[in-house]
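Below is one structure, written out as structure tokens, with a few remarks after it.
The values are calculated or read from the model by the stated rules, or taken from the named source; none is laboratory data. Only a predicted model underlies this, so the values are computations on that prediction, with no experimental measurement involved. Cβ: placed from backbone, ideal geometry, glycine included. Neighbour counts: every protein chain shown. Ligands, DNA and RNA are stripped out before the accessible areas are found, and what is left, the full protein with its side chains, is counted by its heavy atoms. Shrake-Rupley method; radii C 1.70, N 1.55, O 1.52, S 1.80 Å.
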Amino acid sequence: MKTLDTTHLSSAQPTDLWTNGKTRPVQVQNITFGGPEFTVIAGPCSIESSEQFLTTAQAVKSSGAVMLRGGVWKLRTSSKTFQGLGPEAFAFIKEVLKQTEMMLVSEITDPRQIEILDDYVEMYQVGSRNMHNYALLKELGQTRKPVMLKRGFSAFVDEWLKAAEYITVGGNEGVILCERGIRTFETATRNTLDLNAVVYAKANTHFPVIVDPSHAVGVRKLVPQLAWAAAAAGADGIIVEVHPRPEEALSDGQQALTVSDFKMMMQRLEAILTAVGRPLHKLEK
Ligand code: PEP
Ligand code: MN
């Protein structure tokens, strides 16, 4: 384990916790991760239908999200639960992206999906269960699209950072780390958000670091507080699950924010960011 490098903090004001001179911003077209602004990704856990995806996309955009999330292939604990629409979703994804003028990040679960997914996403998501899938990481290292690398739920920070290197050694420097909660002895909530890992990765690597409060806590009512905590701690952004009717969601409904929850969360998020002197990344009007 490396020792903690705190040199950048010695003269730091609270306002430069994220501009520590280390983070190298990653561009996803016109969206910057790890720059002076805080970046919000939102959308459903799974893309379920054209109506559900479009409604969610329009709602999160109007409340300030700059990029969309949405799973096409889902890695579920049980093989009997919804596995994602798969290629069926490709029939309408482009139309939703065009109508909303947004870009998509979606999870890749198998290296063979690169060819098809590349047409629809501007950033690949590597899920927690695949952080150790070195064959997948190596393939993504050969692409030139950014990769959001989620931390394995039982992975040491050191293993997470080494996983990122599997992508960068291939020549793809566009890695964004995502802390999404880890397994601890605590079972009251789905996982435990490790903000230590966020501040550690910010202090010791050049990767932008974002937080997924939805999977970290797994309880709708508690998601906003953790999103705000992530912003206050100096994360570069968040990725949040939103569903127009969470009770009908085919995956992760219990942690999906409603459209109005998301709006409320964004309003206070902006106030918190203002308090710590960081602007919210907004789309050009
Ligand atoms: C997801 O983003 O919906 C997901 C499955 O996340 P994770 O890989 O963090 O469990
Ligand atoms: Mn999910």
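Listing for the model above:
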| quantity | calculated |
| --- | --- |
| Subset of the range 187-215 (residues that are basic (K, R) and within 16 Å of ligand 1 (Cβ to nearest atom)) | R190 |
| Boolean, T81 is β-branched (V, I, T), open to solvent by 30 Å² or more (accessible area, probe 1.4 Å), touching a residue at least 60 places away in the same chain (Cβ under 8 Å) and within 16 Å of ligand 2 (Cβ to nearest atom) | yes |
| Any hit, the range 57-66, residues being within 25 Å of V209 (Cα to Cα), surrounded by fewer than 23 Cβ atoms within 10 Å (Cβ to Cβ) and of a type in the set (S, T, Y) | yes |
| T56, sole failed condition from (1) in a helix (DSSP H, G or I); (2) within 16 Å of ligand 2 (Cβ to nearest atom); (3) out of contact with any Pro (no Cβ under 6 Å at 6 or more places or on another chain) | (3) |
| Condition met for L161 (open to solvent by 10 Å² or more (accessible area, probe 1.4 Å) and within 18 Å of the chain's Cα centre (by Cα)) | yes |
| Qualifying residues in the range 234-279 (those that are among the small types (G, A, S) and within 16 Å of ligand 1 (Cβ to nearest atom)) - the one farthest from the chain's Cα centre (by Cα) | A249 |
| Residue within the range 204-213 that is β-branched (V, I, T), open to solvent by less than 10 Å² (accessible area, probe 1.4 Å) and within 16 Å of ligand 2 (Cβ to nearest atom) present | yes |
| Residues satisfying the stated conditions in the range 37-56, i.e. buried (at least 19 other Cβ atoms within 10 Å of the Cβ), out of contact with any Leu (no Cβ under 6 Å at 6 or more places or on another chain) and polar (S, T, N, Q) | T39, Q52, T56 |
| Meets criteria (charged (D, E, K, R), within 23 Å of I238 (Cβ to Cβ), surrounded by fewer than 20 Cβ atoms within 10 Å (Cβ to Cβ) and more than 17 Å from the chain's Cα centre (by Cα)) for E115 | no |
